[in-house]
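**Q** Pasting a structure below so you can have a look.
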Amino acid sequence: MTERPIALMWFRNDLRLSDNPALLAAIKWADQNDGVVLPVFILDPVISAQLGGATKWWLEKSLSALDTSLSKLGNAQGGLRLFTGDAGPILENIADAKPIKSVFWNRLYDKPSTARDTEIKATLQDHGLTCESFKANLLFEPWEVKTGGGTDFKVYSPFWRACKKFPPPREPMKAPEGITLFEGGIENEVDLAAFDLGPKPFDWAGGFSERFTPGEQGAKDQLFDFIDERLVDYADMRDRPDHRVTSELSPHLRFGEISPYQIWHTANHFADANPGKGKTASKFISELGWREFAHHILFHATDLRSVPLQGQFRHFPWSDAPEALTRWQKGKTGYPIVDAGMRELWHTGYMHNRVRMIVGSILVKHLLIHWRDGLAWFDDTLVDACPANNAFSWQWIGGCGADAAPYFRIFNPVLQGEKFDPKGEYVRQWVPELRDMPERYIHKPWEASPLILKAAGVTLGKTYPEPLIGLKEGRERALSAYQDMKQAVA
């Protein structure tokens with residue numbers, strides 16, 4: 001019996017059914033050619049290199065959710081087929097063994113992924129297959145947005161202004177109503193357990209599931225909960241870690257469980273339905289703009305993870321301070337707002353964006369520890385760590401990236417804490433040893449009298465650490481290092 005032709009849908013960072021152009025194209029092709037669809041996910045070296053402990057946890061849950069959704073949609077067992085190894089040879093082997101006629105995927109924008117995809121497309125086309133790729137996870141392609149001189153942008157504000165001159169992003173596409181799945185066996189197919197993504201040697205990720213529900217439905221629930229309950233306060237309260245106001249959609253976007261089109265249009269519908277609330281919706285949508293800008297930079301940069309965009313920072317005199325780095329990682333710097341953020345990160349896989357800037361500034365400015373060390377820790381512990389946003393943000397914090405705050409802009413963690421966590425509620429939640437400190441001293445316990453410390457049950461250096469470095473000392477040392485770098489490149 002002649003096998004029906006197959007459209008292969010290659011999932012990567014687009015783990016959803018709705019608003020998935022490649023999936024819809026594969027289904028349409030199969031319907032028009034009396035064929036079937038073969039959805040696959042390949043854990044290849046490119047994807048593996050972009051996963052840390054926290055994102056591995058998320059990916060496992062997300063793949064399981066997608067498999068369930070595909071199986072239900074196609075009324076079949078095993079909706080998503082899993083493979084591990086180099087993607088190119090795996091796809092070629094499947095095409096040699098099965099009547100694959102077309103391959104569909106949604107585009108990625110980091111250098112390893114684009115190089116891999118370009119090579120695979122050429123190889124499969126040489127084998128007589130049709131390959132189609134789609135824009136699905138960005139509102140604007142990195143090569144679409146140009147300066148007046150025809151170059152890529154280096155500064156956010158003019159980049160986003162240029163984006164807003166384009167026609168509005170398309171409406172999101174509805175999820176398919178059905179799919180005819182390929183149901184035969186495939187050589188070298190594995191089950192999800194073979195990916196070995198779970199936390200080891202113990203389940204340190206228990207707190208993640210208290211905060212998040214990976215998968216497309218979890219993403220939709222998160223979006224609508226944010227729109228209904230928190231977006232109204234977003235513009236005024238988004239910098240307050242003591243209030244849950246931000247969307248927390250970043251890990252869902254990282255794995256493509258929701259598209260930026262869905263978010264953009266939902267936020268605009270909120271603005272249309274709530275006259276006078278356009279400001280808060282616009283502020284939220286501008287954060288999508290920062291995500292677009294990060295991917296724009298990622299696409300054009302040589303190596304965003306390793307090479308400073310501002311070349312002079314190749315000569316910056318970073319310190320080798322492993323003990324200080326460890327204390328930062330464990331949330332034991334002696335600065336309450338910093339320690340709260342680092343402990344929140346370890347427990348939940350997430351950290352409020354304002355606090356990310358504060359903890360990053362302490363690391364690269366006061367402690368003079370390389371931004372790449374901070375990037376590596378966030379890569380391993382953040383559920384939303386992605387090749388674009390994480391590297392872009394650490395270069396921004398380090399003063400060496402695109403549109404970066406000047407290096408000499410140094411966050412004071414005490415003033416930041418007092419401004420954005422004025423009653424110390426965020427600190428009390430994540431640094432319980434300071435729970436009974438008076439509000440006046442919650443962000444600077446070293447200034448409290450021995451009597452106040454005793455009443456709060458705090459012994460500096462024992463129950464809570466003294467600061468790793470003095471604020472004035474750290475600031476002066478950072479500025480001196482900056483001057484040394486400028487002299488070195490003069």
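**Q** Which percentage, to the nearest 5, of the DSSP beta bridges contained in the chain is antiparallel?
**A** 5 percent
**Q** With N residues in region 183-309, what two-decimal value do you get for its Cα radius of gyration over 2.2 N^0.38 Å?
**A** 1.34
**Q** In whole angstrom, how far apart do the alpha carbon centroids of region 22-59 and region 282-344 sit?
**A** After rounding, the separation between the Cα centres reads 30 Å.
**Q** Which chymotrypsin sites (Phe, Trp or Tyr not before Pro) in region 402-458 pass both tests, a DSSP loop state and at most 14 other beta-carbon atoms within 10 Å?
**A** 408
**Q** Sticking with this structure for a sec: Hey, which aspartates and glutamates would be in cross-link range of residue 111, C-alpha to C-alpha under 14 Å, not counting anything within fewer than 8 residues on its own chain?
**A** Cross-link targets: 119, 303.
**Q** Next up: So how far, in whole Å, is the C-alpha centre of region 445-486 from the one of region 348-411?
**A** A separation of 21 Å, based on Cα centres.
**Q** Neighbouring Cβ atoms within 10 Å as the yardstick, rank 316, 134, 224 fewest first.
**A** So the residues, fewest neighbours to most, are 224, 134, 316.
**Q** Can you sort 333, 180 from fewest to most other Cβ atoms within 10 Å of each residue's own Cβ?
**A** 180, 333
**Q** Here's a follow-up. With N denoting the number of residues in the chain, provide Rg(C-alpha) divided by 2.2 N^0.38 Å, to two decimal places.
**A** With N residues counted in the chain, Rg over 2.2 N^0.38 Å equals 1.05.
**Q** When 157, 133 are ordered from fewest to most other Cβ atoms inside 10 Å of their Cβ, what list results?
**A** Listing 157, 133 from fewest to most nearby Cβ atoms yields 157, 133.
**Q** Another question, if that's okay. How are the alpha carbon pair distances in region 65-180 distributed across 10 Å bins from zero to the largest one, expressed in percent?
**A** Reading the bins upward from 0: 10, 29, 33, 20, 8, 0.
**Q** Let me know the charge dipole size of the chain about its Cα centre in debye, to the nearest 20, where only the beta-carbon of Lys, Arg (+1) and Asp, Glu (-1) is charged.
**A** 1740 debye
**Q** Give the peptides 283-293, 338-348 in descending order of average Cβ contacts within 10 Å, highest first.
**A** 338-348, 283-293
**Q** OK, next. Using 30 Å as the Cα-Cα cut-off, could you pick out the over-long pairs in 72/283; 28/121; 56/174; 61/279; 28/61?
**A** With Cα atoms farther than 30 Å apart: 72/283; 61/279.
**Q** To the nearest whole percent, what portion of all C-alpha pairs in region 311-489 is separated by more than 28 angstrom?
**A** When every Cα pair of region 311-489 is considered, 22 percent fall beyond 28 Å.
**Q** May I ask you to list the aspartates and glutamates whose Cα is less than 13 Å away from that of residue 98, ignoring any residue fewer than eight positions away on the same chain?
**A** 3, 183, 187
**Q** Show me the helices of the chain, taken as full DSSP H stretches, that run 27 Å or more along their long axis by Cα and average -0.5 or above in Kyte-Doolittle hydropathy.
**A** Within the chain the helices that satisfy the rule are 53-74, 278-300.
**Q** Give the lysines reachable from residue 486 as a straight Cα distance under 19 Å; neighbours fewer than 8 places away on the same chain don't count.
**A** Within the straight-line cut-off, residue 486 pairs with 365.
**Q** Can you give the extra length, in nm with one decimal, that the chain gains between residue 440 and residue 119 once fully stretched, where that is 0.36 nm per residue apart less the Cα-Cα distance?
**A** 109.5 nm
Values quoted throughout were computed directly from the atomic coordinates according to the rules given, and no laboratory measurement underlies them. Here the structure is a predicted model, which is why all the values come from computation and not from measurement. Quick reminder, even Gly has a Cβ in these numbers, built from the backbone with ideal geometry, and neighbours come from all protein chains shown.
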